[in-house]
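Enquirer: I have a structure I would like to understand better, so I am pasting it below and will then ask my questions one at a time.
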Amino acid sequence: MSAVTVQRANRTGNFWRIFFVGGLISYRALFYWITPWQYIPTMLAAPLFQILFFVYLGRATGVGSTTFFVVGNSIQICSMSGIYGMTMALANERQFQTLSPILATPANRIALFLGRGLPVLVSGLQTTAFGFLVSALILNFRPSPKALPELALTVLVSTASCTGFGMALGSLGLRARDIWLTANIAYFAMLLLCGVEVPLHQLPGVLQVVAHVLPLTHGIAAGRLLASGHHLGAAWPYIWEELGIGVAWAVIAFLLFRYFEREGRRTGSFDRL
Amino acid sequence: MSTARPLSGEPAIDVADLRRTYRTTTGTLRRHRLEIEAVRGVTLRVEPGELFGLLGPNGAGKTTIIRVLCTLLLPTSGQVRVLGMDVVERPRDVRRQIGYVFGGDRGLYDRLSALDNLRYFADLYALEPRMQRKRINEVLDLVGLQGRGTERVEGFSRGMRQRLHLARGLLHDPPVLFFDEPTIGVDPVGAREVRQVVADLARAGKTILLTTHYMFEADSLCDRIAVIAQGQIVAEGTPQQLKAGVTARTVVEIEAYGVPEQTVARIRELPEVEAVTIEVRDQAQLLTVQASEGSQLTGRLLQLLEGVRVERIAAREPTLEDAYVALVTAG
C-alpha cells in the first residue's frame, strides 16, 4: 500500500520536533486571535489601554508612581497570552474534538504538552515588551539602561511562570465544560492579587497568602526594584521565587494533564462537550 | 512500520468478554447516578488481513468497542488485545501499530491546511522527517486530495474532510486500521470512493475493523460481519451466512397512508410476526413485516389495515437488511 518506506524517527529528534515544530503548529491551529486584525486589538491594544488607564488613574489620585503601575501592568499583561493563549492551546483540543486523535498517537506526552507553551511564552513576551516600549514612549517611563537586561530577565521568568499557571488552567479545560469562565476570573484575580494595582501589604492576610503562590507576584516585585534603581542582588530572591512557582505550576499542570488523560480513558470524557 | 504481525496463529484483534459501563449523573441539586452498560460481554476475533464489519444501529456499542481498541477507553472488564498486545497494559505500543479513522466532519484543525494537519500527525507518529513530505503526498494521492493539500480545511466539503481523516489514519502505514462509520454523512460518490480505498487497503493485507450501520457497505466490503445490538453481538458470520438466517421467512411490504400506531402494535402482536419496521417516504409509510416462513399474512394484514389507504402490498424475498432488522429487533 505504501511505495514510500515509512521509517520511524529517532526518539530524541522526534521529541524536539514535537516540542518545537508541533508546538508551533498546534499554536497556529488552536490560538483564536492569531490573525493580525484579532491579534493587534486583543494582544496589544487592549493591554495598552489597561496600562494607560491605571497609570493615569494613579497619577490623578496620587496613590502610586508611574513606575509602580507601568511595571505592574506591563508584566501582568503577559497573562493575556499566558492565561488565555495557554488555555486555548490545551482546552481547545477538546472543543475542536481533536483530543482523541492526538491521544490515540504514541507521541511523547511531555513534548506534546510543554511544546505548546513555547509560542505562548513568546507571544506573552511580545505583549509585555510592547507595554514597556509604549510606556517609555508616551508615559515617560525611564528605567536606567543598565537595568534593562535585568528587567528583561525578570520579564522572561515572570512570563514563563505565568505560562506554567496557564498550562494548569488549560489542563483543567480537558475536563471542565466551561474553562473560559475560570480563565476570566484568573486574569482579573491576578490584577488584584499579584500586587499589580494594589501593594501586596495592603491586601488582607488570606489574600496575601494566595498572592504568594500565584505567578507574577514575585516577578512584579523584582521588576519594580530593578526599575527603581536597585541592584540585581536585591531582586534575585524574588526572581528565584517566581521561577520556582512557575516550575511548580508547570509540574502541577503536567500531572493534571496526565490525570485527565487517564480519567478520560476511564470515563470516556475526551469528546464529551 | 507495517511489518508488525501477531504471533503465528494469533488473531490480529482479540476481544474477550469485553464490558464497558459508563457512569453519569443527572439533576442539579439532587444528583442521580446513572449506569449505562454500552458493551455487555462482547467476544470477537479478527484474523490478520481480514476486513471485519461491526454492524449495528446507533447506540449499539460499536464506537465504544473501537475506542477501547484504540486505547482511548479502558474496558470495565474483559481482555482486549491488538497484535497480541494488551490495550490496557501496553497502550503506547498498540498506538504505534494502529490507525484510527472516524466519521463526521470534526476532529481536524480547520484553520490549518491539509498538509499542516498531516505534518503535525506525521511528527506525532514519529515519521522520519526526511520522508514525511513524500509520505504525505502519497497518502493525499491515495485518498484523492492531491493538489488540495495547501488549502485550509475549513473550506473542505464533508467528503474531503472524511478523506483527510483517512489520510491521517494511513500516514504511518499501520498494519491494523479501525474505521468508525467512515462514510457517515458523505455524499454517495464520496462514500463510494472511501469504500474503494478501504477495499484497496484490505487487498493490500491490512487488518481492518469497520463499523457501519449501512447494510450494503458491510455486505460489499466485509469478509465477516458481527451484528451488534444493545451492547451484545447477536450474530456473526459471512454476509451469506447472515442472509441464510432469514431465508426461511416471509417478508411483506405495505405502502400505506396514515397508519395509526395502534394498528402497528396489533400487527406486531400477531403470533407469526417476527419484526415490523416503518419507514416514512414523503406522505406515505412503508411497513416491512417479517413473519415465519409460509405465513399467509396478506389477508390478515389487510383486515387489520381496514380504513387505512393502502397503496401497495407485496411479498418479496428476504435480504441482508431483513436479516439485520430481525437480529437487532429481536428480544
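Enquirer: Express the C-alpha Rg of region A:195-239 as a ratio against the empirical globular expectation 2.2 N^0.38 Å, rounded to two decimals.
Expert: Working: Rg = 10.9 Å, N = 45, 2.2 N^0.38 = 9.3 Å.
Normalised by 2.2 N^0.38 Å, the Cα Rg of region A:195-239 equals 1.17.
Enquirer: Below 8 Å, C-alpha to C-alpha, sequence gap of six or more: please give me the relative contact order for chain A in percent.
Expert: Details: 381 pairs, mean separation 68.5, N = 273.
RCO, chain A: 25 percent.
Enquirer: Here's something else I'd like to know. With angles folded into 0 to 90 degrees, how steeply does helix B:129-142 sit against the dominant principal axis of chain B? Use alpha carbons for both and round to 10.
Expert: 30
Enquirer: Taking N as the number of residues in region B:242-331, what value does Rg over Cα atoms divided by 2.2 N^0.38 Å take? All intermediate terms of the calculation are to be shown ahead of the outcome.
Expert: Values: Rg = 12.4 Å, N = 90, 2.2 N^0.38 = 12.2 Å.
Normalised Cα radius of gyration, region B:242-331: 1.02.
Enquirer: Additional query: Which semi-axes, in whole Å and largest first, does the equivalent ellipsoid of the protein assembly as shown have when worked out from the alpha carbon gyration tensor as the square roots of 5 times its eigenvalues? Please list the in-between numbers first.
Expert: Values: eigenvalues 681, 151, 90 Å².
Semi-axes (√(5λ), whole Å): 58, 27, 21.
Enquirer: What is the spread of the Cα atoms of region B:181-331 along each of their three principal axes, largest first, in whole Å?
Expert: For region B:181-331, the Cα extents along the three principal axes come out at 57, 30, 27 Å.
Enquirer: Please state, as a whole number in µm²/s, the translational diffusion coefficient that the Stokes-Einstein equation yields for chain A at 10 °C and 1.306 mPa s, with Rh defined as the Kirkwood radius across alpha carbon pairs. Intermediate values should be presented prior to the final figure.
Expert: Details: Rh = 19.4 Å.
Here the translational diffusion coefficient equals 82 µm²/s.
Enquirer: Output needed for region A:11-113: three equivalent-ellipsoid semi-axes, defined as square roots of 5 times the C-alpha gyration tensor eigenvalues, in descending order, whole Å. Provide the component values of the computation, followed by the final result.
Expert: On the way: eigenvalues 281, 42, 23 Å².
Semi-axes (√(5λ), whole Å): 38, 15, 11.
Enquirer: Considering Cα pairs under 8 angstrom that are at least six residues apart, work out the relative contact order of chain B and quote it in whole percent.
Expert: Working: 653 pairs, mean separation 63.6, N = 331.
It rounds to 19 percent for chain B.
Enquirer: For region A:183-227 and region B:284-314, what is the separation of their Cα centres, given in Å?
Expert: What the calculation gives is 78 Å, centre to centre.
Enquirer: Can you work out the base-10 log of I(q)/I(0) for region B:207-284 at q = 0.13, 0.15, 0.25 1/Å, using the Debye formula on its C-alpha atoms alone?
Expert: Result of the Debye calculation: -0.60, -0.77, -1.20.
Enquirer: Pick from A:Leu174, A:Leu216, A:Leu57: which is most flexible by mean-square fluctuation in a GNM of chain A where alpha carbon atoms under 10 Å apart are linked?
Expert: A:Leu57
Enquirer: Could you tell me what % of all Cα pairs in region A:66-126 have separations over 19 Å? Intermediate results must be reported in sequence, preceding the final value.
Expert: Details: 792 of 1830 pairs.
Considering region A:66-126, 43 percent of its Cα-Cα pairs are separated by more than 19 Å.
Enquirer: Note down the accessible area of A:Tyr56, probe 1.4 Å, to the nearest 10 Å².
Expert: Around 110 Å² of this residue is reachable by solvent.
Enquirer: How big is the equivalent ellipsoid of region A:103-176 along its three axes, where each semi-axis is √(5λ) from the Cα gyration tensor, reported in whole Å from largest to smallest?
Expert: Values: eigenvalues 224, 31, 18 Å².
Ellipsoid half-lengths, sorted descending, are 33, 13, 9 Å.
Enquirer: Other chains' Cβ within 10 Å of B:87-96 residues: what's the mean? Intermediate values should be presented prior to the final figure.
Expert: On the way: counts 1, 1, 0, 0, 4, 5, 1, 2, 5, 3.
The mean count of partner-chain Cβ atoms within 10 Å per residue comes to 2.
Enquirer: Here's another thing I want to ask about it. At q = 0.14, 0.17, 0.19 Å⁻¹, what is the base-10 log of I(q)/I(0) for region A:123-235 according to the Debye formula with one equal point scatterer per Cα and no solvent? Please give it to two decimals.
Expert: So the normalised log intensities work out to -0.65, -0.92, -1.10.
Enquirer: If you place +1 on the Cβ of every Lys and Arg and -1 on the Cβ of every Asp and Glu, how big does the dipole about the Cα centre of region A:1-117 come out, in debye to the nearest 20? Spell out each step's value before the answer.
Expert: Values: 8 positive and 1 negative charges, 68 e Å.
Dipole about the Cα centre, nearest 20: 320 debye.
Enquirer: Please grab the % of Cα pairs in region B:124-186 that end up more than 21 Å from each other. List each step's numbers first, then the result.
Expert: Values: 467 of 1953 pairs.
That fraction is 24 percent.
Enquirer: In addition: Computed on alpha carbon atoms, what radius of gyration and Dmax characterise chain B, expressed in Å?
Expert: 22.8, 74
Enquirer: Scan chain A and note any complete DSSP helix (H) whose C-alpha atoms cover at least 30 Å along its axis and whose Kyte-Doolittle average is 1.6 or more. Display every interim value, and only then the final one.
Expert: On the way: long enough: A:117-138 (31 Å, 1.64); A:147-172 (38 Å, 1.34); A:232-267 (50 Å, 0.37).
Span-like helices, by this rule, are A:117-138.
Enquirer: When only the heavy atoms of the protein chains count and the probe is 1.4 Å, how do A:Trp240, A:Trp16, A:Trp249 rank by accessible area, highest first? Each step should come with its number before you reach the end.
Expert: On the way: A:Trp240 155, A:Trp16 125, A:Trp249 55 Å².
Of A:Trp240, A:Trp16, A:Trp249, the descending order of accessible area is A:Trp240, A:Trp16, A:Trp249.
Enquirer: If you don't mind, there's one more thing I want to ask. For region B:193-267 and region A:38-62, what is the separation of their Cα centres, given in Å?
Expert: 64
Enquirer: For the charge dipole of region B:13-243, defined by +1 on Lys and Arg C-beta atoms and -1 on Asp and Glu C-beta atoms about the Cα centroid, which residue among B:Ser77, B:Ala16, B:Gly53 has the Cα displaced farthest towards the positive pole?
Expert: Positive-end residue among those listed: B:Ser77.
Enquirer: Then there is this: Determine the shielding of peptide A:256-267 by partner chains: average, over its residues, the number of Cβ atoms on other chains within 10 angstrom of each Cβ. Can you show the working numbers first?
Expert: Details: counts 0, 0, 0, 0, 0, 1, 1, 0, 3, 10, 4, 5.
Per residue, the average neighbour count from other chains is 2.
Enquirer: Moving to a separate point now. Considering every residue in B:112-124, what mean count of other chain Cβ atoms within 10 Å of its Cβ is obtained? The partial results should precede the final answer.
Expert: Working: counts 5, 0, 0, 0, 3, 4, 0, 4, 13, 6, 5, 14, 14.
So the per-residue partner count for this stretch is 5.
Enquirer: Using the Kirkwood radius built from alpha carbon pairs, what does the Stokes-Einstein equation give as D for region B:59-100 at 4 °C and 1.567 mPa s, in µm² per second? Working shown, then result.
Expert: Values: Rh = 10.4 Å.
Value of D from the Cα-based Kirkwood radius: 125 µm²/s.
Enquirer: Pairs of lysine in the protein assembly as shown with Cα under 30 Å and at least 8 positions apart or on different chains: total?
Expert: Working: B:Lys62/B:Lys206; B:Lys62/B:Lys243; B:Lys134/B:Lys206; B:Lys206/B:Lys243.
Pairs that pass both the separation and distance tests number 4.
Enquirer: Would you calculate, for chain B, the mean residue ellipticity at 222 nm contributed by helices, counting each DSSP H stretch of 4 or more residues as -39,500 (n - 2.57) and dividing by all residues, to the nearest 500? The partial results should precede the final answer.
Expert: Working: 11 runs with 108 residues, N = 331.
Taking each H run of at least 4 residues, the total per residue is -9500 deg cm²/dmol.
The values are calculated or read from the model by the stated rules, or taken from the named source; none is laboratory data. On a predicted model such as this, the values are computed, not experimentally measured, just so you know. Quick reminder, even Gly has a Cβ in these numbers, built from the backbone with ideal geometry, and neighbours come from all protein chains shown. When the accessible area is computed, the model is the full protein with side chains, heavy atoms only, and any ligands, DNA or RNA have been set aside. Shrake-Rupley method; radii C 1.70, N 1.55, O 1.52, S 1.80 Å.
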